[in-house]
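Some notes on the structure that comes next.
The values are calculated or read from the model by the stated rules, or taken from the named source; none is laboratory data. The structure displayed is predicted, hence computed values, not measured ones. No Cβ is skipped: glycine too gets one built from the backbone with ideal geometry, and neighbour counts run over all protein chains shown. The area values use the complete protein model at the heavy-atom level, side chains included, leaving out ligands, DNA and RNA. Shrake-Rupley method; radii C 1.70, N 1.55, O 1.52, S 1.80 Å.
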Amino acid sequence: MLTSLSVDKVLRKAQSLMKAGELAEAEELYKQVLSKFPKNKKAIQGYQKLKAGIASKGSSSSEPSQEQVNELVGLYTHGQFEEVLSKLKPLVSLFNKAVSLHNLQGASNAALERYDAAIESYEQAIKINPNYADAHLNKGSALQEKGEFDLAIKSFYETLSINPKAEIAYFNIGNALHKKGELGAAVDSYQKALMINSDYTEAYFNKGNVLREQGKFTQAVEAYEQTLKIKTNHAEAYNNMGLALYECLEFETAIGSYKQALKIKPDYAEAYNNMGISLNLQGDESAAVESYNQAIKIKPDYAEAHHNLGFAFLTAGRLKEGLDEHEWRWRTAGGLSQKRHFSQAMWDGIENLKCKRILLWSEQGPGDVVMWSSCLSLVASQAEICILECQEKLVPLFVRSFPNVEVKVENKSLDTRRDDFDVHLPMGSLFRHFIPEISKEIKPDAFLIPDPARVNFWKERLNSLGKGPYVGISWKSPFMTPARQPNYTQISDWAPVLTLPNVTFINLQCSDFRDDLASILDEFGTTVHHFDDLNHYDDLDDVAALSAALDIAVSVSTAVSTITAGVGTPTKMLHWRQSPWNNILLTPPGPFVDVFERNTWEPWDNVFHSVAIDIAKFQVA
């Protein structure tokens, strides 16, 4: 029960709380006094001062005291965002014109990912003071977090209209433009930030990331070097510089960059994984395996490292380990987008398929599906019904080649509602369940059956061109990037083959070949015949017929080599020895496949000389 003595004590406590910014507690004490002594002048005056925003006797202000602000900033700095918001609520009510409070309220909500509430607070601050640059900047950041990039960019430009030297606004514009995919404009914006502040570490770093995404790898390396001049312990810059150097095929230098990243950040799993890739391409498979294992030790569920480890095992001939690790592909970013989702279970390779219906589905491009189809008859012989879904361009060829399989065009629209099968399996997992069969030293028979009438047509067509042997050639992929380049060849590499006398060469490239064919004629005086009436890209059934009519095919790793091998045409495969594709999972099977390899550090010369010798032997035979 309150007495006159205890009332004075309570009022003094309330006044102290007001000074300390504990306004809610102070208000509660005043209410307690006034509920018992409604005419108490000190209580009335104190309560009126509190409501009027008077923080201490004899001083009026539209801003909170510095002590109050410092306390809030301290709480914010220590990540106590909920407590900041709790203390801000009465203060914002008392000092509703204090833009700094609205800004801090917005920042606390943004830290808690309450972006709509944050934007509302920033807009209130802007309403009070349209020239408050920080509120415009922070509003833009909140909009950017919501994915509203155009509105975010608009807010950042509002910041710059108030403060043209706000380099962070240009930096944020660059980030937003990057998210929008406007890479050139993003680089320009980072450069504007750097013109204001030439020591802006993250602007150099992000600029490097965008340049790398643009394929401007040398410029990206320069941007990362600038980053490291300013911040020598920037582990991510070393790692990303390694990625750019890898794209430039500078594997040794890339490895050095990854090692620098790991000196700074020993638990950097991504750097170990990336270093493993470059080590493998340098031919140091054991060191690559160790690097992948280190990444996995740090990050056990690191799907990309497991997947890369699988390729390293396959290259080393460790099939079971390699194919087991290859299953991690479904947890990688690329695999997640390819995976299909059915209510039925995936076949484990153990369950008896007798009286069962199995669906096999293509997870990769036509070339990969053709390779893996060499195991189709094995699984079809075990199941009551075997269904294969694949690309439309493969259907005619597969229907003829695999009469015991129901071949259909791929259709993902009904996946979750389908009931026409009992178990399913992606084609890339077929080999894993038939390791004894694919491990045999005996080469598999031809497994693709082209249209006999079309084979005869192409034989007559070839005979009309001149004498054989008729040699089909393919030298590059339709999809070329710097990192993929070592798998492929230049026209100049082919000199030992293309200068062979008494050979009729046939083009097997599906796209971007006309300039190369002209170069072959100019450089070697050799005509490579191309059939304009054959759609090399989409009419794979007729490509198979032409392939069967050839005497020899010479090809890098492309879909065409899988078809020539599959129909049983002697196929000379040109392989980069350290390529992740150079293994049993991704090398075309067939009865007459000969692989010719070069190391990373070697030119293609020896490969093509060996192929030329083989073709010359064929001519003699």
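Choose one of Val423, Gln219, Gln191: the residue whose Cα lies farthest towards the positive end of the charge dipole of the chain (beta-carbon charges +1 Lys, Arg; -1 Asp, Glu; about the Cα centre).
Gln191
Given an 8 Å cut-off on Cα distances and at least 6 residues of separation, report the relative contact order of region 475-566 as a percent.
Values: 76 pairs, mean separation 29.2, N = 92.
Dividing the mean separation by the residue count of region 475-566 yields 32 percent.
Show the residues, 5+ positions off or on another chain, whose built amide H is closer than 5 Å to the amide H of Val407.
Leu388
Assigning unit charges at the beta carbon (Lys, Arg +1; Asp, Glu -1) and nothing else, what dipole magnitude in debye, to the nearest 20, does the chain show about its Cα centre? Working shown, then result.
Numbers: 63 positive and 78 negative charges, 670 e Å.
Result for the chain is approximately 3220 debye, rounded to the nearest 20.
Going toward the positive end of the dipole of region 452-511, with +1 on Lys and Arg Cβ and -1 on Asp and Glu Cβ, which of Val455, Val503, Tyr488 do you reach last?
Selected residue: Val455.
Given that compact globular proteins tend to follow 2.2 N^0.38 Å, what is the ratio of the alpha-carbon Rg of the chain to that value?
1.38
Can you tell me the accessible area per residue over the chain, all protein chains present, probe 1.4 angstrom, in square angstrom?
Numbers: 29420 Å² over 621 residues.
Heavy-atom SASA per residue in the chain reads 47 Å².
Evaluate the relative contact order of the chain (contact order divided by residue number), counting alpha-carbon pairs under 8 angstrom at least 6 apart; express in whole percent.
On the way: 1000 pairs, mean separation 45.9, N = 621.
Here the relative contact order equals 7 percent.
On the principal axes of its Cα set, how long, how wide and how thick is region 312-415? Give whole Å, largest value first.
Projected onto the principal axes, the Cα atoms of region 312-415 cover 36, 28, 28 Å.
Could you tell me the relative contact order of region 93-158? Use alpha-carbon pairs under 8 Å, at least six residues apart, and round to a whole percent. The partial results should precede the final answer.
Working: 78 pairs, mean separation 17.7, N = 66.
The value is 27 percent.
At a 1.4 Å probe radius, carbon and sulfur cover how many percent of the accessible area of region 531-600? It would help to have the intermediate numbers written out before the result.
On the way: 870 of 1820 Å².
That fraction is 48 percent.
Of all accessible surface on region 299-444 at a 1.4 Å probe, what whole percent is carbon and sulfur? Walk me through the numbers on the way to the answer.
Numbers: 3540 of 6880 Å².
Ligands and nucleic acids excluded, carbon and sulfur give 52 percent.
Between the DSSP loop rule and a limit of at most 12 other Cβ atoms within 10 Å, which trypsin sites (Lys or Arg not before Pro) in region 356-413 are left? Let's see the in-between values first.
Numbers: sites: Lys356, Arg357, Lys393, Arg400, Lys408, Lys412; in loops: Lys356, Lys412.
Answer by residue number: Lys412.
Could you please state how large a percent of the accessible area of region 100-165 is carbon and sulfur, counting protein chains only and using a 1.4 Å probe?
45
Go through Phe95, Gln338, Leu323 and say which Cα lies farthest out towards the positive end of the charge dipole of the chain; charges sit on Cβ, +1 for Lys and Arg, -1 for Asp and Glu.
Phe95
For region 490-530, list log₁₀ I(q)/I(0) at each q in 0.17, 0.23, 0.35 Å⁻¹, using the Debye formula over Cα point scatterers of equal strength and ignoring solvent, two decimals each.
Evaluating at q = 0.17, 0.23, 0.35 Å⁻¹ gives log10 I(q)/I(0) of -0.39, -0.74, -1.48.
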